[in-house]
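So the structure is just underneath, and the comments pick up after that.
The values are calculated or read from the model by the stated rules, or taken from the named source; none is laboratory data. In this text, all values refer to a predicted model and were calculated from it rather than measured experimentally. Note: ideal-geometry Cβ built from the backbone for every residue, glycine included; neighbour counts use all protein chains shown. Keep in mind that these areas ignore ligands, DNA and RNA; they rest on the heavy atoms of the full protein, side chains included. Shrake-Rupley method; radii C 1.70, N 1.55, O 1.52, S 1.80 Å.
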Amino acid sequence: MGVLTREHDPMGAAIWDYYTAFKDHQITVKTDIAEDEELSPAYLFRDFDQMPDIEQLALDKASGHVLDVGAGAGSHALWLQEKELKVTALDISPFACQTMKERGVQDVRLIDVMQLKDEQFDTILLLMNGLGISGTPQGLDLLLNHLGTLLKPGGQILADSADLHHLFTDENGEAWIDLNSDKYYGQVEYRLSYRDVEGIPFNWLFVDQETLTLTAQKNKLQVVDMIEGSHHDYLSVLKKI
């Protein structure tokens, strides 16, 4: 996706506003598969006890030098720092990066993870459906291939996602996914807005477990564990083959 400009960064603007002064405005989330929703920026500042079980589990599993991809307001990075882990926090939002710095995240980078090179990490975190940044199944292939180059020997990728198959299933359990479509059913178009900041439409990927497993294997990564969540979501643990 590349680094965002401030005028097209609604998520970052909401994070900065919430941190600095304005706490009452919501982020409007539009998709091509559901009705519009409102997201409170407060959710991005939650502490460990407020996080879903899958996120807590991922943070507990993190070790060594951690790369936090799409770090947002820095809640995960700050918790890991408190546990005395070294954390490098990435985000493509200037507002988010500024917020993280002011909140005390020690190593913040304004960069797309696909542009990060010549460094390796013990743990790579992609939480809050972090694999979604790949956008498409083809993008997932490219992302996993690149993340493999950023892993130290014995390192791990901790990433969560969700299978949207249930959204395309009727009350009788019959699926109505268009099998002839060129578009994968978990590829969703998003557009965010916040106050007077309009975001640019982007694709976000929700990947089923089988597709993730096959794509990982193609890129010499092995899914060593998958932990089911309570809302069709799951945490995957990947390591180099």
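Miscellaneous remarks
- Accessible area (Å², per residue) of the chain, counting only protein heavy atoms and a probe of 1.4 Å: 51
- For the stretch 1-107, the percent of C-alpha pairs falling in each 5 Å distance bin, counted from 0 to the bin holding the largest distance, reads 2, 12, 21, 22, 20, 14, 7, 2, 0.
- Under a 5 Å amide H cut-off, with hydrogens placed 1.01 Å from N, residue 151 pairs with 121 among residues at least 5 apart or on other chains.
- Per atom type, the chain shows carbon and sulfur on 48% of its accessible surface, probed at 1.4 Å.
- What you get for the chain, charging only the Cβ of Lys and Arg (+1) and of Asp and Glu (-1), is a dipole of about 1180 debye around the Cα centre.
- For the stretch 32-79, diffusion coefficient by Stokes-Einstein and Kirkwood Rh (Cα), 4 °C, 1.567 mPa s, µm²/s: 104
- Solvent accessible area, Å² - residue 29, 1.4 Å probe, full protein context: 20
- Separation of the stretch 201-232 and the stretch 73-149, taken as the distance between their Cα centroids, equals 18 angstrom.
- Efficiency of FRET from Cβ geometry, residue 196 and residue 149, R₀ 45 Å, rounded to 0.05: 0.70
- Projected label points at residue 46 and residue 3, each 7 Å from Cα along the beta carbon direction, are separated by 3.1 nanometres.
- Exposure rank, largest accessible area first [65, 232, 165; 1.4 Å]: 232, 165, 65
- Taken one residue at a time, the phi angles of the stretch 227-232 give Karplus couplings (6.51, -1.76, 1.60, θ = phi - 60°) of 10, 6, x, 9, 9, 6 Hz. Gly and Pro are set to x.
- With at most 13 neighbouring Cβ atoms within 10 Å, loop GluC sites (Glu not before Pro) (DSSP) excluded, longest segment of the chain: 175-241
- Take 144-155, 90-101 and order them by the average number of nearby Cβ atoms within 10 Å per residue, most first; the result is 90-101, 144-155.
- Loop sites in the stretch 1-59: chymotrypsin sites (Phe, Trp or Tyr not before Pro), DSSP, at most 14 other Cβ within 10 Å: 22
- The phi torsions of the stretch 27-36, fed into the Karplus equation with coefficients 6.51, -1.76 and 1.60 and a -60° offset, translate into couplings of 8, 8, 10, 10, 9, 8, 10, 8, 5, 4 Hz, rounded to whole numbers, with Gly and Pro shown as x.
- The chain - mean residue ellipticity at 222 nm from DSSP helices (-39,500 (n - 2.57) per run, n ≥ 4, rounded to 500): -7500 deg cm²/dmol
- Spin-label proximity, residue 25 to the stretch 182-207 - amide N less than 14 Å from point 7 Å beyond Cα toward beta carbon: 193-199
- From the alpha carbon centroid of the stretch 2-24 to that of the stretch 41-55 is 18 Å.
- Looking at the chain, the pairs of alpha carbons with a distance over 23 Å make up 49% of the total.
- Rounded to whole numbers, the Karplus 3J(HN,Hα) couplings from phi for the stretch 132-142 are x, 4, 5, x, 9, x, 5, x, 5, 4, 5 Hz, using 6.51 cos²θ - 1.76 cosθ + 1.60 with θ = phi - 60°, and x at Gly and Pro.
- Accessible-area order (highest first, 1.4 angstrom probe) of the listed residues 184, 234: 184, 234
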